[in-house]
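As structure tokens, the structure follows; a few thoughts come after it.
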Amino acid sequence: MTLRRRQTNERGFILVAVLWMALGLLLGTSAFLSQTRTEALTLRAEVETTRAVELARSAVNLAMADLANQDSGAPADGTETVIAMAEGQALYRIQDERGKLSLGKAPIELLRPALIAASRGAGADAFDAAGVADAIVAARDGTGLVGGSTRDILAGLGFGAQAASRAEAVLSPFNFEPTVNPMTAPISVLASIPGLGPSDVERILTRRASGQPMPRVGSAAVWLSNQSGPVYTIRATGVLASGTRAEMVAVVAEQGLSFRGGRMRYEILSAQIVR
């Protein structure tokens, strides 16, 4: 009986040991499968993001081709263009930098209202915005402010980060003239032009949407010029059918060359993936 009891105890111990080993193997296998699944999902997300980035790059190339084709009629006022592609959609907006106020040349009469408008709801008040406008004019050395983006320049002059970011839509270091192009200017820029009322802004928007020439604007004409370029900002987005998206911002400049010899008419000054 003692021998039987001992054998029974040994069998019970072995059974418990086997069960613990099986449980350990099960947990180890489960952890391995979970890790493998996580790695697979991460890899898939990286692949999807890469595909979306390449689609955004394609959108940049399409926008540059539109700019080079004088007959394309591509708007350069920030209007969105959507192209359906096999993998999803390529979207782009072209903004003529001559449609923005020049950081280096725009007069204080234009800078003040534009910065005050950009400061509303962005953590800065009208007094701060007017002070930054005065600082911009004081910092000029005859050739205009140089170096860095609009956001960096304004932040260096004491404008808050949020207000400086919003001001990028109305100010540009790539407009080298004191005037702006009303046919490509954002609404906020047009609204800051002395002598342009809401009805005038509406007429300008209506005419340029239909390809008509600019209407008569009286005394405000002194601040305006219909010249475009040579620098443009392209905001391109690639959206896959799965919903994954990537956005690129590229600044391109006209070289004065055609497609002869395989050379592009526009060169990229800077490009970055923003998300």
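Here G142 meets each of (1) crowded, with 22+ Cβ neighbours inside 10 Å; (2) modelled with pLDDT under 75; (3) over 28 Å from M248 (Cα atoms); (4) not charged (D, E, K, R) with one exception, condition (1). Just one of (1) under 18 Å from R98 (Cα atoms); (2) at pLDDT below 85; (3) open to solvent by 70 Å² or more (accessible area, probe 1.4 Å); (4) in contact with a Gly (Cβ under 9 Å, 6 or more places away or on another chain) fails for A220. It is (3). So, in segment 198-217, exactly how many residues are modelled with pLDDT of 85 or more and either in contact with a strand residue (DSSP E or B) (Cβ under 8 Å, 6 or more places away or on another chain) or under 22 Å from S119 (Cα atoms) (or both)? Of the residues in segment 198-217, 2 are modelled with pLDDT of 85 or more and either in contact with a strand residue (DSSP E or B) (Cβ under 8 Å, 6 or more places away or on another chain) or under 22 Å from S119 (Cα atoms) (or both). Within segment 165-187, one or more residues are assigned to a helix (DSSP H, G or I) and either on the phi > 0 side of the Ramachandran plot or among the basic types (K, R) (or both). Kindly indicate whether E177 is open to solvent by 60 Å² or more (accessible area, probe 1.4 Å) and either in contact (Cβ under 8 Å) with a residue 12 or more places away in the chain or among the aromatic types (F, W, Y) (or both). Yes: the conditions hold for E177. Residues in segment 60-107 that are assigned to a strand (DSSP E or B), open to solvent by 70 Å² or more (accessible area, probe 1.4 Å) and either of a type in the set (D, E) or touching a Ser or Thr at 6+ places or on another chain (Cβ under 9 Å) (or both): E80, Q89, R93.
Across segment 240-275, the number of residues qualifying as open to solvent by less than 70 Å² (accessible area, probe 1.4 Å), at pLDDT 80 or above and not in a strand (DSSP E or B) comes to 2. With the structure loaded, tell me whether F159 is in contact with a strand residue (DSSP E or B) (Cβ under 8 Å, 6 or more places away or on another chain), of a type in the set (F, W, Y) and either modelled with pLDDT under 80 or under 24 Å from V251 (Cβ atoms) (or both) or whether it fails that test. For F159, the condition - in contact with a strand residue (DSSP E or B) (Cβ under 8 Å, 6 or more places away or on another chain), of a type in the set (F, W, Y) and either modelled with pLDDT under 80 or under 24 Å from V251 (Cβ atoms) (or both) - is not met. Inspection of segment 200-208 finds no residue satisfying the criterion of being assigned to a loop (DSSP other than H, G, I, E, B) and either open to solvent by 70 Å² or more (accessible area, probe 1.4 Å) or of a type in the set (A, V, I, L, M, F, W, C) (or both).
The values are calculated or read from the model by the stated rules, or taken from the named source; none is laboratory data. Since the structure is predicted, the reported quantities are computational estimates derived from the model, not experimental observations. With ideal geometry, Cβ positions are generated from the backbone for all residues, glycine too; neighbour counts draw on all protein chains shown. Side chains are part of the model used for accessible areas, which takes the heavy atoms of the whole protein and leaves out ligands, DNA and RNA. Shrake-Rupley method; radii C 1.70, N 1.55, O 1.52, S 1.80 Å.
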